[in-house]
Amino acid sequence: VVYVGADTKTRLNAIKADLKFSNMQIALNKCINYLLVFIFAVCLYATIMSAAKVFGNQDPPFMPLWMFFRFCIAYYHAVPMSLYVVYEMLKLILGWQISKDEQMVYDDEPAVARTADLMEEMGQVDFIFSDKTGTLTANEMVFARCHIGGKDLGDFRRTGSGVPEGLAAAQSLLAKGGSAGEAVAWYYMCLAACHEVVLEIGAAASSDKPKYTGMSPDEVALVTAAQQAGVTFERRNRLSGGINEIEIRDHTGKEHKFEVPVLLQFNSDRKRMSTIVRSGGKAWCMTKGADSVMEPLIAGGFPEAAEKDILKFSKIGLRVLVVAARELEEGWFQGWLARYQQARGILDDTKEDKIKEVVAEMETDLRFVGLTAVEDRLQDGVPEAIETVKQAGSRVWVLTGDKTETAVDIGYSCNLFTNTTKLVYCTGCESEEEAVESLKRAETELQGAQDGGLVIDGRTLLVALQHQECRGLIFTLGIASRACVCTRLSPMQKLQLVQLVREADSRRITLAIGDGANDVPMILGGHVGIGVRGKEGAAAVQVCDVAISQFRFLVPLLLCHGRRSYRRVAVFFCYYLYKNFVLLMADLVWMHWDNFRGNIAFPEYLSIAFNAFFTSWHVLFVLGFDSDVPDSVSCSHPELYKVGPARQLFGPLIFAKWVAYAVLHGTVAWLVPFALVGTKDYGTKQFWISSTAAFTNVIHIVCLKMIIVAENPFGRVTLLPSFGAWFMFVAYLWGLGYTALGWSVQPDMKYVPENILTKGDVFGTLLLGPVIALCIDMAERLNQRYLYPTDLQKAEFEYKQGLNGVAQQQGRPLDGPSSVLDAKQVNLSLKENVDPPVSIIGKPLEDRIDRLGGEDGGDVGNKTSQQVPEVKKKKHIDKE
């Protein structure tokens, strides 16, 4: 049977991926809609007043309609049509900065922003949903312990040059033979046969030992463990009829050939796999899987000693699998095989259910063989990264399919939980009533807890997610706790938890991070999806928004790029609409002075170029490259990130303040020239001189406003683009006033620039207007910076104090962050002036600064000069 189209496995497992839009872009769309409504209302108001004051009752019937469209044309420039273009270009710059950040390079692979639409979302993350295996851990499986014949054989991990304790015990039992030796031999035979591992012979230059590879690192570890004990999987052959044959050499050197007519693959629902093998007229079903699903399938359940070892292995963070088998009667097996093949040939919707029914007949009445316990070490820097993002205000949820005890132990290992964490459990619930009772009890226990932790299992979630009351309680517990571990979850349950948070509070930004195909629904479901390059294929990377190579890179991604992107985009939205409101206010003042005749306030070619040439492109450079503190300081002060989840930089009140300033600035920009040197006689030379002076005031005010709100108002990335925009305006003005082309398109501007610059009273209005308009802005900025500084300004001040202190000790000028200082002395100064850092990407801050400066020191205030040497040095060490 060949499946095509919607019946293929890829299509059946696919989920619908909705388009993602940032919450700030949605807010921007609303602002634009409100602005359009406002412009419509202004035009309607102007039309009514025009009809009442100008034309009276003798107007033609169509005159009000004609005036309405005239006002619409006069004020259309208030809607910034270039906003979305510049916005997308700004986000492309922010995404490019992520891809070029060398502190997130691992094995020559940089971070990649696969979409630039969600840059600002990464600065507002409240919930982080993370997979465990391959995301927090390295997905490098090591066979650690095993249970065979009723006892734990010991540790199989190598700690020196000798043979590990567990391996020595297994080899000894194999050598002695007897019932114990046969149990060990059968255990390893099951491991060597029940898998989908691919074999490569002679891969190592110095050894002819087999090398195993496979999609699952667990399976590779188990087959390798069997080979080390003497039971070697040697090859897999393809026979006629689509049947595989595997060859296994046992510990005595004897070769065994097994036909594999059926392989029942592992999936997230079954949580087990089975291999049916035949040899010498006999057939066996060998099964391995999670203890939670294997216990009902084993005749008589688990032995008591096995249950104790399952708990013991789980508590030390090992991944436990149960190995079981049964011998099949040939006649029964042939009948089952016929039913299985018949079920696979079904073409309607009952196919999957029928296959499950037939498979259940095979995987029953199994005999317990033993336990495997595999270790998966944490990635470098994971504990420090989790502690840092928790201090930044984000809640971390680890979603895993592991046993509860294993997941909790790893939670403590990676600083998800600490000794001060108030930990509550909601596990083992079978009904809605039990789930509600357990969740309410947990809510009571977490009341008043500063560091709460929640543990909830898949069985409880299976019941709770179906009932609205339980969903509300889960979200309440999520808000009350700082960290959560969810165990025994399926991929769809991971997605449902992300959706639960999004539905409960749409303002909470969720980030989902994973590395495997089973994490794809969760990654697609989060506001921001992060894919980790790992050993489980590229499915997660292909659907994610940002791809990284290590979990610890989440720290610079959020605390550096995310935080800055949120600030930059927030300022961009407010500023871009503000500058157009400034121009509109001047128009509205003139509209009332002109008694609603519909005459334009400024030369039309100046208004046309306002967005395109004078006030847009420099914003890209100022906000795209304006920085506050170095990455090292940003990551060592995670509290700086809290402005994002709290929405402190963009909201109705913030936007209202910008609009209020726009009303003031636009009014002053118009009134100062017209009050001192202007005239209301529309169309006269003096009117256009005053109008152009007012327009020049608008340009000065909005450009200076950009400098005021920049984090580095006197930095090159702020001043050079701003002066560039001003010079472009001067050149454009000269072109209108002194060229034939300018006279042809704007005759009213002929020689106007000369009159503005040569007449002292007119020129004085160009200086007086911005001073009057921006004095309140400057007063507020200075008052806030020196009397009520933000956490960011405090950190920036402490950092500069550290640099200047070292400069004084060396007798150098106090050049601030640009001084070339000895890195070790800067480090000492930072220790005295900055709070002790948690860590940055798994390395202490002082170590980073020490490495970056080296023996000769370096420009510690410059981000690029810090990070390029660091990465190159780290990569060199890794290669050695």
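Quick look at the values:
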{"item": "Test result for Gln784, under 51 Å from the mean Cα position of the chain (by Cα), open to solvent by less than 80 Å² (accessible area, probe 1.4 Å) and either small (Gly, Ala, Ser) or at pLDDT 85 or above (or both)", "result": "yes"}
{"item": "Residues located in segment 155-175, provided they are open to solvent by less than 70 Å² (accessible area, probe 1.4 Å), in a loop (DSSP other than H, G, I, E, B) and closer than 18 Å to His251 by Cβ", "result": "Phe156, Pro164"}
{"item": "Criterion: touching a strand residue (DSSP E or B) at 6+ places or on another chain (Cβ under 9 Å) and outside any helix (DSSP H, G or I) - qualifying residue of Pro645, Pro713", "result": "Pro645"}
{"item": "Tabulated pairs, segment 342-365, first farther than 17 Å from Gln265 by Cβ, second open to solvent by 70 Å² or more (accessible area, probe 1.4 Å) and modelled with pLDDT of 90 or more, C-beta under 6 angstrom, 6+ apart or interchain", "result": "Ile346/Lys354"}
{"item": "Which numbered condition Ser279 fails, given (1) over 30 Å from Leu378 (Cα atoms); (2) touching a helix residue (DSSP H, G or I) at 6+ places or on another chain (Cβ under 7 Å); (3) surrounded by 14 or more Cβ atoms within 10 Å (Cβ to Cβ)", "result": "(2)"}
{"item": "Count - residues of segment 625-642 that are in a helix (DSSP H, G or I) and either crowded, with 21+ Cβ neighbours inside 10 Å or basic (Lys, Arg) (or both)", "result": "10"}
{"item": "Test: His592 is over 30 Å from Arg459 (Cβ atoms) and free of Cβ contacts under 8 Å to residues at least 12 places away in the same chain", "result": "yes"}
{"item": "Any chance Glu434 is touching a Lys or Arg at 6+ places or on another chain (Cβ under 9 Å), farther than 20 Å from Arg502 by Cα and either open to solvent by 10 Å² or more (accessible area, probe 1.4 Å) or hydroxyl-bearing (Ser, Thr, Tyr) (or both)", "result": "no"}
{"item": "So Gly529, is it under 18 Å from the mean Cα position of the chain (by Cα), of a type outside the set (A, V, I, L, M) and assigned to a loop (DSSP other than H, G, I, E, B)", "result": "no"}
{"item": "Residue satisfying condition, being open to solvent by less than 10 Å² (accessible area, probe 1.4 Å), part of a strand (DSSP E or B) and either on the phi > 0 side of the Ramachandran plot or free of Cβ contacts under 8 Å to residues at least 40 places away in the same chain (or both), within set Leu423, Leu454", "result": "Leu454"}
{"item": "Residue match in segment 265-273 (condition: of a type in the set (Phe, Trp, Tyr) and over 21 Å from Ile355 (Cβ atoms))", "result": "no"}
{"item": "Positions within segment 747-781 being more than 30 Å from Asn712 (Cβ to Cβ), of a type in the set (A, V, I, L, M) and open to solvent by 20 Å² or more (accessible area, probe 1.4 Å), in sequence order", "result": "Leu757"}
{"item": "Any hit, segment 569-584, residues being farther than 30 Å from Ala675 by Cα, open to solvent by 10 Å² or more (accessible area, probe 1.4 Å) and either among the charged types (D, E, K, R) or assigned to a helix (DSSP H, G or I) (or both)", "result": "yes"}
{"item": "Filter result for Tyr34 (loosely packed, with under 13 Cβ neighbours inside 10 Å and over 19 Å from the mean Cα position of the chain (by Cα))", "result": "yes"}
{"item": "Pairs where the first residue, in segment 726-742, is farther than 15 Å from Ala612 by Cβ and open to solvent by 40 Å² or more (accessible area, probe 1.4 Å) and the second is modelled with pLDDT under 90 and among the acidic types (Asp, Glu), C-beta under 9 Å, 6+ apart", "result": "Tyr738/Glu754"}
{"item": "Residue within segment 117-128 that is more than 25 Å from Lys535 (Cβ to Cβ), touching a residue at least 12 places away in the same chain (Cβ under 8 Å), among the polar types (S, T, N, Q) and crowded, with 19+ Cβ neighbours inside 10 Å present", "result": "yes"}
{"item": "So Arg272, is it of a type in the set (Lys, Arg) and at pLDDT 90 or above", "result": "yes"}
{"item": "Top-ranked residue in segment 176-197 [being farther than 15 Å from Ala226 by Cα and either modelled with pLDDT of 95 or more or of a type outside the set (S, T, N, Q) (or both); ranked as most open to solvent (accessible area, probe 1.4 Å)]", "result": "Lys176"}
{"item": "Tally, over segment 476-511, of residues that are open to solvent by 30 Å² or more (accessible area, probe 1.4 Å) and either among the aromatic types (Phe, Trp, Tyr) or not in a loop (DSSP other than H, G, I, E, B) (or both)", "result": "9"}
{"item": "Residue match in segment 299-306 (condition: open to solvent by less than 40 Å² (accessible area, probe 1.4 Å), of a type in the set (Phe, Trp, Tyr) and over 37 Å from the mean Cα position of the chain (by Cα))", "result": "yes"}
{"item": "Counted residues, segment 322-342 - those being out of contact with any helix residue (DSSP H, G or I) (no Cβ under 7 Å at 6 or more places or on another chain) and either open to solvent by 20 Å² or more (accessible area, probe 1.4 Å) or of a type in the set (Lys, Arg) (or both)", "result": "12"}
{"item": "Given (1) modelled with pLDDT of 85 or more; (2) in a helix (DSSP H, G or I); (3) not polar (S, T, N, Q), index of the condition Asp117 fails", "result": "(2)"}
{"item": "Residue in segment 398-420 that is closer than 23 Å to Asp505 by Cβ and open to solvent by 20 Å² or more (accessible area, probe 1.4 Å) present", "result": "no"}
{"item": "Single unsatisfied condition, Phe687 versus (1) open to solvent by less than 10 Å² (accessible area, probe 1.4 Å); (2) touching a residue at least 24 places away in the same chain (Cβ under 8 Å)", "result": "(2)"}
{"item": "Failed condition for Lys257, given (1) open to solvent by less than 50 Å² (accessible area, probe 1.4 Å); (2) under 25 Å from Val231 (Cα atoms); (3) not in a loop (DSSP other than H, G, I, E, B)", "result": "(1)"}
{"item": "Selection from segment 1-45 of residues that are under 21 Å from Ala539 (Cα atoms), modelled with pLDDT of 70 or more and part of a helix (DSSP H, G or I)", "result": "Gly5, Ala6, Asp7"}
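The values are calculated or read from the model by the stated rules, or taken from the named source; none is laboratory data. None of the values given here were measured: they were computed from a predicted structure. Methodologically, a virtual Cβ is constructed for each residue, glycine included, from the backbone with ideal geometry; neighbour enumeration extends over all protein chains shown. Heavy atoms of the whole protein, side chains included, go into the accessibility calculation; ligands, DNA and RNA do not. Shrake-Rupley method; radii C 1.70, N 1.55, O 1.52, S 1.80 Å.
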